[in-house]
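The values are calculated or read from the model by the stated rules, or taken from the named source; none is laboratory data. Note that the structure is predicted; figures quoted are calculated from it, not measured. We place every Cβ from the backbone using ideal geometry, glycine too, and count neighbours over all the protein chains shown. All accessible areas refer to the heavy atoms of the entire protein, side chains included, with ligands and DNA or RNA removed. Shrake-Rupley method; radii C 1.70, N 1.55, O 1.52, S 1.80 Å.
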Amino acid sequence: MRFTISAATLQVFFASFAVLPHAVWCQVLDVGFIVDVSGSFNDDIASFKTQAAEMTASLTAAYPQVQFGLATFQDFPLGDWGSPSDVPHRLVRDLGPADDEFMTAVNSLSATGGADIPESQLTCLYQCITGEGLVVPASLDGGYTIPPNMGFSWRDRSSRILLLWTDAVFHTPDTTTNYPGPTFDEVITAANDLNAVIEETRRLQDIESSSVRITGIQSPGAASSSVQMELQALATGTGAVAGEGGLDCDGDGTPDIMEGEGIVCPVVNLDSISSVIVSVVNETVRVISTSAPTSAPTSAPTSAPTSVPTSVPTSAPTEEECPRCGIPGIVLFGVQIWCPRTRCGLFAKFIRSLLESD
(Lines give C-alpha, C1' and ligand atoms only; values in the text may rest on other atoms or scores of the structure.)
Protein backbone atom coordinates (compact mmCIF):
# COMPACT_ATOMS: atom_id res chain seq x y z
CA MET A 1 0.00 0.00 0.00
CA ARG A 2 1.19 3.51 -0.76
CA PHE A 3 -0.33 6.83 0.19
CA THR A 4 0.60 10.46 -0.36
CA ILE A 5 0.15 13.47 1.92
CA SER A 6 -0.73 16.48 -0.22
CA ALA A 7 0.63 19.96 0.40
CA ALA A 8 -2.84 21.11 1.47
CA THR A 9 -3.13 18.30 4.01
CA LEU A 10 0.37 19.02 5.27
CA GLN A 11 -0.50 22.69 5.68
CA VAL A 12 -3.52 21.78 7.78
CA PHE A 13 -1.37 19.39 9.80
CA PHE A 14 1.21 22.10 10.47
CA ALA A 15 -1.57 24.39 11.67
CA SER A 16 -2.61 21.70 14.17
CA PHE A 17 0.99 20.92 15.08
CA ALA A 18 1.60 24.54 16.05
CA VAL A 19 -0.94 24.31 18.88
CA LEU A 20 0.07 20.97 20.36
CA PRO A 21 0.41 20.93 24.17
CA HIS A 22 3.35 22.84 25.61
CA ALA A 23 5.01 19.59 26.68
CA VAL A 24 5.56 18.75 22.99
CA TRP A 25 7.25 22.06 22.21
CA CYS A 26 9.21 22.31 25.44
CA GLN A 27 10.28 18.72 25.94
CA VAL A 28 13.58 19.85 27.43
CA LEU A 29 12.87 22.33 30.23
CA ASP A 30 15.48 23.61 32.71
CA VAL A 31 14.09 25.38 35.79
CA GLY A 32 16.45 26.97 38.28
CA PHE A 33 15.17 28.16 41.66
CA ILE A 34 17.03 31.15 43.13
CA VAL A 35 15.95 31.36 46.78
CA ASP A 36 16.56 34.07 49.34
CA VAL A 37 17.90 32.47 52.55
CA SER A 38 18.45 35.65 54.57
CA GLY A 39 16.94 35.85 58.06
CA SER A 40 13.50 37.09 57.01
CA PHE A 41 12.80 34.00 54.89
CA ASN A 42 12.13 31.39 57.60
CA ASP A 43 8.40 31.03 56.89
CA ASP A 44 8.94 30.99 53.11
CA ILE A 45 11.54 28.23 53.29
CA ALA A 46 9.32 26.15 55.59
CA SER A 47 6.50 26.38 53.02
CA PHE A 48 8.91 25.53 50.19
CA LYS A 49 10.00 22.36 51.98
CA THR A 50 6.41 21.31 52.61
CA GLN A 51 5.22 21.90 49.04
CA ALA A 52 8.30 21.12 46.93
CA ALA A 53 7.29 17.51 46.23
CA GLU A 54 3.80 18.54 45.09
CA MET A 55 5.18 21.34 42.93
CA THR A 56 7.86 19.24 41.19
CA ALA A 57 5.42 16.36 40.63
CA SER A 58 2.97 18.70 38.92
CA LEU A 59 5.65 20.18 36.66
CA THR A 60 7.17 16.79 35.86
CA ALA A 61 3.75 15.49 34.82
CA ALA A 62 3.34 18.45 32.45
CA TYR A 63 6.94 18.45 31.15
CA PRO A 64 8.40 14.93 31.42
CA GLN A 65 11.96 16.03 30.59
CA VAL A 66 12.05 18.90 33.08
CA GLN A 67 15.09 19.33 35.32
CA PHE A 68 15.34 21.39 38.49
CA GLY A 69 18.27 23.26 40.00
CA LEU A 70 18.58 25.15 43.26
CA ALA A 71 20.75 28.09 44.30
CA THR A 72 20.59 30.45 47.27
CA PHE A 73 21.86 33.87 48.27
CA GLN A 74 22.29 36.16 51.25
CA ASP A 75 25.00 38.78 50.62
CA PHE A 76 28.73 39.37 50.57
CA PRO A 77 30.16 39.06 54.12
CA LEU A 78 31.92 42.39 53.64
CA GLY A 79 31.41 45.67 55.47
CA ASP A 80 27.82 46.26 56.47
CA TRP A 81 26.41 44.38 53.48
CA GLY A 82 26.18 40.95 55.04
CA SER A 83 26.76 38.94 58.20
CA PRO A 84 30.13 37.18 58.66
CA SER A 85 28.68 33.80 57.64
CA ASP A 86 26.75 35.11 54.61
CA VAL A 87 27.25 33.69 51.11
CA PRO A 88 26.35 35.80 48.05
CA HIS A 89 25.87 32.77 45.79
CA ARG A 90 25.65 29.07 46.59
CA LEU A 91 24.89 26.37 44.02
CA VAL A 92 23.00 23.91 46.21
CA ARG A 93 22.00 21.43 43.47
CA ASP A 94 22.76 21.55 39.76
CA LEU A 95 20.04 20.84 37.22
CA GLY A 96 18.68 17.32 37.49
CA PRO A 97 15.44 15.38 38.01
CA ALA A 98 13.08 15.88 40.94
CA ASP A 99 14.69 13.01 42.82
CA ASP A 100 15.74 12.38 46.41
CA GLU A 101 18.86 14.48 45.85
CA PHE A 102 16.78 17.51 44.92
CA MET A 103 14.45 17.05 47.89
CA THR A 104 17.45 16.70 50.20
CA ALA A 105 18.81 19.96 48.79
CA VAL A 106 15.49 21.73 49.45
CA ASN A 107 15.28 20.33 52.97
CA SER A 108 18.82 21.53 53.71
CA LEU A 109 17.82 25.19 53.38
CA SER A 110 17.73 27.46 56.41
CA ALA A 111 17.33 31.22 56.79
CA THR A 112 19.90 33.33 58.60
CA GLY A 113 21.99 36.48 58.24
CA GLY A 114 21.57 39.14 55.63
CA ALA A 115 22.59 42.13 57.79
CA ASP A 116 21.25 45.18 55.91
CA ILE A 117 18.05 44.95 53.86
CA PRO A 118 19.38 44.71 50.24
CA GLU A 119 20.77 41.31 49.21
CA SER A 120 22.92 39.75 46.45
CA GLN A 121 20.16 38.58 44.07
CA LEU A 122 21.98 39.91 41.00
CA THR A 123 25.25 38.18 41.89
CA CYS A 124 23.48 34.85 42.36
CA LEU A 125 21.56 35.22 39.10
CA TYR A 126 24.68 36.15 37.15
CA GLN A 127 26.68 33.20 38.50
CA CYS A 128 23.82 30.75 37.88
CA ILE A 129 23.63 31.91 34.27
CA THR A 130 27.35 32.11 33.46
CA GLY A 131 29.33 30.17 36.08
CA GLU A 132 31.96 32.84 35.53
CA GLY A 133 33.18 33.18 39.12
CA LEU A 134 34.26 36.38 40.85
CA VAL A 135 37.32 37.61 42.71
CA VAL A 136 36.78 40.58 45.00
CA PRO A 137 40.19 42.16 45.76
CA ALA A 138 41.59 41.93 49.28
CA SER A 139 41.66 45.72 49.43
CA LEU A 140 37.88 45.59 49.83
CA ASP A 141 37.49 44.48 53.45
CA GLY A 142 39.65 41.37 52.94
CA GLY A 143 38.14 40.32 49.63
CA TYR A 144 35.96 37.39 48.63
CA THR A 145 36.07 34.67 45.95
CA ILE A 146 33.26 32.87 44.14
CA PRO A 147 34.86 29.92 42.33
CA PRO A 148 34.14 29.49 38.59
CA ASN A 149 31.86 26.76 37.24
CA MET A 150 29.28 27.23 39.96
CA GLY A 151 26.44 27.91 37.52
CA PHE A 152 23.68 25.69 36.18
CA SER A 153 24.61 23.12 33.52
CA TRP A 154 22.10 24.18 30.88
CA ARG A 155 21.16 21.54 28.30
CA ASP A 156 21.28 22.10 24.54
CA ARG A 157 17.92 23.08 23.05
CA SER A 158 16.40 23.51 26.52
CA SER A 159 13.84 26.14 27.47
CA ARG A 160 15.48 27.92 30.41
CA ILE A 161 13.71 29.56 33.30
CA LEU A 162 15.16 31.13 36.43
CA LEU A 163 12.63 31.68 39.20
CA LEU A 164 13.86 34.28 41.68
CA TRP A 165 12.08 34.18 45.05
CA THR A 166 12.79 37.06 47.41
CA ASP A 167 11.34 39.67 49.75
CA ALA A 168 14.25 42.13 49.67
CA VAL A 169 15.46 44.91 47.42
CA PHE A 170 18.61 44.33 45.39
CA HIS A 171 22.19 45.33 46.11
CA THR A 172 23.73 46.85 42.99
CA PRO A 173 26.89 48.87 42.29
CA ASP A 174 24.65 51.49 40.70
CA THR A 175 23.34 52.47 44.14
CA THR A 176 25.99 51.13 46.56
CA THR A 177 29.56 52.44 46.28
CA ASN A 178 32.19 49.72 45.72
CA TYR A 179 29.62 46.92 45.78
CA PRO A 180 31.24 44.03 43.83
CA GLY A 181 28.16 42.48 42.22
CA PRO A 182 26.84 42.99 38.67
CA THR A 183 24.31 45.59 37.53
CA PHE A 184 20.79 44.86 36.30
CA ASP A 185 21.95 45.45 32.72
CA GLU A 186 24.82 42.99 33.10
CA VAL A 187 22.51 40.26 34.39
CA ILE A 188 19.96 40.85 31.64
CA THR A 189 22.68 40.85 28.97
CA ALA A 190 24.13 37.60 30.35
CA ALA A 191 20.68 35.98 30.30
CA ASN A 192 19.95 37.09 26.74
CA ASP A 193 23.42 36.27 25.41
CA LEU A 194 23.97 32.97 27.23
CA ASN A 195 25.15 31.13 24.13
CA ALA A 196 27.04 33.91 22.38
CA VAL A 197 30.45 32.32 23.02
CA ILE A 198 29.46 29.12 21.21
CA GLU A 199 27.08 30.65 18.68
CA GLU A 200 29.13 29.57 15.64
CA THR A 201 29.44 25.99 16.85
CA ARG A 202 25.73 25.81 17.53
CA ARG A 203 24.95 27.27 14.10
CA LEU A 204 27.05 24.65 12.39
CA GLN A 205 25.35 21.92 14.41
CA ASP A 206 21.89 23.38 13.66
CA ILE A 207 21.20 23.90 17.37
CA GLU A 208 18.92 26.79 18.21
CA SER A 209 20.39 29.17 20.79
CA SER A 210 18.32 29.75 23.89
CA SER A 211 18.20 32.62 26.34
CA VAL A 212 17.24 32.47 30.00
CA ARG A 213 13.91 33.91 31.10
CA ILE A 214 14.07 35.39 34.59
CA THR A 215 10.76 35.28 36.45
CA GLY A 216 9.90 36.33 39.99
CA ILE A 217 8.04 35.34 43.14
CA GLN A 218 7.47 38.24 45.54
CA SER A 219 6.96 37.03 49.11
CA PRO A 220 4.63 38.54 51.71
CA GLY A 221 6.24 41.28 53.74
CA ALA A 222 8.40 42.50 50.88
CA ALA A 223 8.87 46.21 50.31
CA SER A 224 6.23 45.67 47.66
CA SER A 225 6.70 48.50 45.19
CA SER A 226 10.52 48.47 45.11
CA VAL A 227 10.91 44.68 44.99
CA GLN A 228 8.21 44.36 42.35
CA MET A 229 9.82 47.01 40.15
CA GLU A 230 13.21 45.26 40.34
CA LEU A 231 11.77 41.84 39.61
CA GLN A 232 9.73 43.30 36.75
CA ALA A 233 12.86 44.85 35.25
CA LEU A 234 14.54 41.45 35.09
CA ALA A 235 11.46 39.69 33.71
CA THR A 236 10.69 42.19 30.97
CA GLY A 237 14.38 42.52 30.10
CA THR A 238 14.64 38.78 29.42
CA GLY A 239 11.33 38.36 27.59
CA ALA A 240 9.44 36.73 30.47
CA VAL A 241 6.21 38.66 29.91
CA ALA A 242 2.64 37.45 30.25
CA GLY A 243 0.89 36.42 27.07
CA GLU A 244 -2.61 37.02 25.81
CA GLY A 245 -5.13 37.12 28.64
CA GLY A 246 -2.49 37.76 31.29
CA LEU A 247 -1.67 35.47 34.22
CA ASP A 248 -3.85 34.54 37.18
CA CYS A 249 -1.27 33.87 39.91
CA ASP A 250 -3.61 32.89 42.76
CA GLY A 251 -6.29 30.98 40.86
CA ASP A 252 -9.17 33.32 41.70
CA GLY A 253 -10.13 33.76 38.06
CA THR A 254 -8.80 37.31 37.76
CA PRO A 255 -5.46 38.06 36.08
CA ASP A 256 -2.86 39.42 38.50
CA ILE A 257 -0.41 40.16 35.67
CA MET A 258 -1.67 41.83 32.53
CA GLU A 259 -0.58 40.92 29.03
CA GLY A 260 2.89 42.31 28.33
CA GLU A 261 3.83 42.71 31.99
CA GLY A 262 6.74 40.81 33.53
CA ILE A 263 5.93 37.40 34.97
CA VAL A 264 6.30 38.29 38.64
CA CYS A 265 3.71 36.80 40.98
CA PRO A 266 3.04 38.20 44.46
CA VAL A 267 2.38 35.58 47.14
CA VAL A 268 -0.42 36.50 49.53
CA ASN A 269 -0.66 33.12 51.25
CA LEU A 270 2.41 30.89 51.59
CA ASP A 271 0.14 27.82 51.62
CA SER A 272 -0.34 28.42 47.88
CA ILE A 273 3.34 28.72 46.93
CA SER A 274 3.28 25.44 44.97
CA SER A 275 0.40 26.56 42.73
CA VAL A 276 1.97 30.00 42.25
CA ILE A 277 5.27 28.49 41.12
CA VAL A 278 3.46 26.13 38.74
CA SER A 279 1.51 29.06 37.31
CA VAL A 280 4.70 31.06 36.75
CA VAL A 281 6.44 28.18 34.98
CA ASN A 282 3.40 27.32 32.86
CA GLU A 283 2.98 30.91 31.73
CA THR A 284 6.67 31.24 30.88
CA VAL A 285 6.53 28.02 28.89
CA ARG A 286 3.47 29.33 27.07
CA VAL A 287 5.40 32.46 26.11
CA ILE A 288 8.37 30.40 24.92
CA SER A 289 6.26 27.90 23.00
CA THR A 290 4.27 30.56 21.16
CA SER A 291 7.43 32.29 19.99
CA ALA A 292 7.87 30.65 16.59
CA PRO A 293 11.45 29.86 15.51
CA THR A 294 12.66 32.66 13.24
CA SER A 295 13.95 30.25 10.61
CA ALA A 296 10.71 28.31 10.28
CA PRO A 297 8.27 29.17 7.48
CA THR A 298 4.80 30.30 8.49
CA SER A 299 3.07 27.90 6.13
CA ALA A 300 3.76 24.62 4.39
CA PRO A 301 5.24 24.73 0.88
CA THR A 302 3.02 24.08 -2.09
CA SER A 303 5.59 21.77 -3.67
CA ALA A 304 8.34 19.50 -2.44
CA PRO A 305 11.95 20.79 -2.58
CA THR A 306 13.76 19.73 -5.72
CA SER A 307 16.40 17.90 -3.68
CA VAL A 308 13.80 15.54 -2.21
CA PRO A 309 12.55 12.63 -4.35
CA THR A 310 8.84 12.79 -5.14
CA SER A 311 8.13 9.06 -4.89
CA VAL A 312 8.90 6.27 -2.47
CA PRO A 313 11.21 3.40 -3.51
CA THR A 314 9.41 0.67 -5.41
CA SER A 315 11.64 -2.19 -4.24
CA ALA A 316 10.91 -3.91 -0.93
CA PRO A 317 13.62 -3.89 1.72
CA THR A 318 15.57 -7.01 2.56
CA GLU A 319 14.87 -9.11 5.65
CA GLU A 320 17.99 -7.63 7.25
CA GLU A 321 16.74 -4.08 6.62
CA CYS A 322 13.23 -4.82 7.81
CA PRO A 323 12.93 -7.96 9.99
CA ARG A 324 9.21 -7.43 10.56
CA CYS A 325 8.27 -7.07 6.88
CA GLY A 326 7.52 -10.75 6.38
CA ILE A 327 5.20 -11.01 9.36
CA PRO A 328 1.53 -11.48 8.40
CA GLY A 329 -0.48 -8.38 9.00
CA ILE A 330 2.51 -6.04 8.63
CA VAL A 331 2.01 -3.63 5.73
CA LEU A 332 4.99 -1.84 4.22
CA PHE A 333 4.51 1.73 3.15
CA GLY A 334 6.62 4.84 2.79
CA VAL A 335 5.98 8.44 3.69
CA GLN A 336 8.03 11.41 2.57
CA ILE A 337 7.35 14.75 4.20
CA TRP A 338 9.07 18.11 3.82
CA CYS A 339 9.32 20.07 7.05
CA PRO A 340 11.29 23.06 8.36
CA ARG A 341 14.61 21.81 9.67
CA THR A 342 14.11 23.44 13.08
CA ARG A 343 10.93 21.40 13.57
CA CYS A 344 11.74 18.13 11.84
CA GLY A 345 12.74 16.28 15.00
CA LEU A 346 9.49 16.97 16.84
CA PHE A 347 7.47 16.56 13.65
CA ALA A 348 9.00 13.16 12.91
CA LYS A 349 8.49 12.03 16.52
CA PHE A 350 4.83 12.99 16.35
CA ILE A 351 4.34 11.20 13.00
CA ARG A 352 6.05 8.13 14.45
CA SER A 353 3.74 8.11 17.45
CA LEU A 354 0.73 8.19 15.09
CA LEU A 355 2.06 5.34 12.96
CA GLU A 356 2.89 3.18 15.98
CA SER A 357 -0.52 3.64 17.56
CA ASP A 358 -3.49 1.41 16.88
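Protection proxy ranking of 267-274, 135-142, 168-175, by the mean of other Cβ atoms within 10 Å over each peptide's residues and highest first, is 168-175, 267-274, 135-142. Subtracting the Cα-Cα distance of ASP43 and GLU244 from their residue separation scaled by 0.36 nm leaves 69.0 nm. Paramagnetic label reach from ARG155 (point 7 Å along Cα→Cβ; backbone nitrogen cut-off under 17 Å): within region 95-119, residues 95-102. Model label sites at SER225 and SER110, defined 7 Å from Cα along the beta-carbon direction, differ in position by 3.8 nm. Close amide H contacts of TYR144 (hydrogens built in the peptide plane, cut-off under 5 Å, sequence separation of 5 or more or a different chain): VAL136.
For region 212-271, pairs of C-alpha atoms spaced more than 16 angstrom apart make up 42 percent of the total. The gain in end-to-end length when the GLU132 to ASP271 segment is fully stretched comes to 46.4 nm, 0.36 nm per residue minus the alpha carbon separation.
Residues in region 27-67 near a label at ILE117, defined as backbone nitrogen under 17 Å from the 7 Å Cα→Cβ point? Answer for region 27-67: 38-41.
Work through the residues other than VAL264 whose Cβ is under 10 Å from its Cβ and net out their charges, Lys, Arg +1 and Asp, Glu -1. All intermediate terms of the calculation are to be shown ahead of the outcome.
Numbers: positive: none; negative: GLU230, ASP256, GLU261.
Net local charge, VAL264 excluded: -3.
Taking 0.36 nm per intervening residue step and subtracting the Cα-Cα distance, what contour gain separates GLU259 from ASN178 on full extension? Each step should come with its number before you reach the end.
Details: separation 81, 0.36 × 81 = 29.16 nm, distance 3.78 nm.
Taking 0.36 nm per residue and subtracting the Cα distance, the gain is 25.4 nm.
Counted by Cβ distance under 10 Å from GLY243, the other residues give a net charge of -2, where Lys and Arg count +1 and Asp and Glu count -1. Remark: accessible surface ordering of LEU95, LEU163 (largest first) is LEU95, LEU163, probe radius 1.4 Å.
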